[in-house]
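My structure is below; once you've seen it, I'll send some questions.
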Amino acid sequence: MINSYELNRDEARDRIMAAIGSHVVFDGWNLKSLKAAAREAGLETSAVVRVFPKGVGEAITHYFDWGDRYMLTAMGKRDLGAMKTRERVGAAMQVRLDMFGSREVMRRTLATLALPMNTQIGLQATYHTVDAIWHASGDTATDLSFYTKRALLACVYTATLLYWLEDTSENSEDTRGFLERCLANMLQLAAVRLSLAQLRQSNPARFLWRPPLQMTSRSGRSVTRTQYPQTLCV
């Protein structure tokens, strides 16, 4: 048995996460499954309380972080320069899905995150994962697109994850196709946003909102009609 005190906290945590899968399938996310994983990893069960002092929620957070770090390492070994943006993002997404391994583990995890006290953990985990995917894809944006890219990818990531959970095709081929379609749509939306931004920069007056017009209805009452930007009314 390994003395957990000889390891730093993250090393001990990673060992437990590497062994947690089969125990989550049968027992869910709880102290029992964490102790069983620690035992399987060769650590004393008391290590669980020391490395996860905040309990199961902290363990789930580290589970997603562990997967994100694995994905970043795997993508760092690829020749990203020879890949298009969609290919890089798609590859990172696929590595991340493969890291989940068992669908039942993810079903159990999502069921736990659906509990009201764990909602924040799920939202934070999703943000950190899509942020890691963009970083793994070589994205260096620091402007407004930093946020729009992550918001769009969060939708793709969530939809693909749910699709994957129900996918029965060989080697999850249907999920790969679904992901490709989602990414294509996402990049089309991003292209439209960029075009509008460039148009607004070149001719900002067309995007200014005019004050409401006072009009008289057939009944004689005064009504207000908002003049919308010419560009959006074409």
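The values are calculated or read from the model by the stated rules, or taken from the named source; none is laboratory data. The shown structure was predicted, so the numbers you read here are calculated from the model rather than taken from an experiment. Please note: Cβ atoms are built from the backbone with ideal geometry, for glycine as well, and neighbour counts cover all protein chains shown.
Could we say that Leu34 is hydrophobic (A, V, I, L, M, F, W, C) and at pLDDT below 95 here?
Spelling it out, it is not the case that Leu34 is hydrophobic (A, V, I, L, M, F, W, C) and at pLDDT below 95.
Considering only residues that are within 15 Å of the chain's Cα centre (by Cα) and among the acidic types (Asp, Glu), which ones fall in segment 59-107?
Within segment 59-107, Asp65, Asp68, Asp98 qualify.
Among residues belonging to segment 162-191 that are in contact with a Ser or Thr (Cβ under 8 Å, 6 or more places away or on another chain) and modelled with pLDDT under 90, point out the one that is nearest to Arg86 (Cα to Cα).
In this case the residue turns out to be Leu187.
Let me ask something additional. Within segment 115-137, does at least one residue satisfy the condition of being over 20 Å from Asp14 (Cβ atoms), in contact with a helix residue (DSSP H, G or I) (Cβ under 7 Å, 6 or more places away or on another chain), part of a loop (DSSP other than H, G, I, E, B) and touching a residue at least 24 places away in the same chain (Cβ under 8 Å)?
Yes: one or more hits.
Taking the criterion of being at pLDDT 95 or above, among the acidic types (Asp, Glu), surrounded by 14 or more Cβ atoms within 10 Å (Cβ to Cβ) and within 17 Å of Arg15 (Cβ to Cβ), would at least one residue in segment 67-79 satisfy it?
No - not one qualifying residue is present in segment 67-79.
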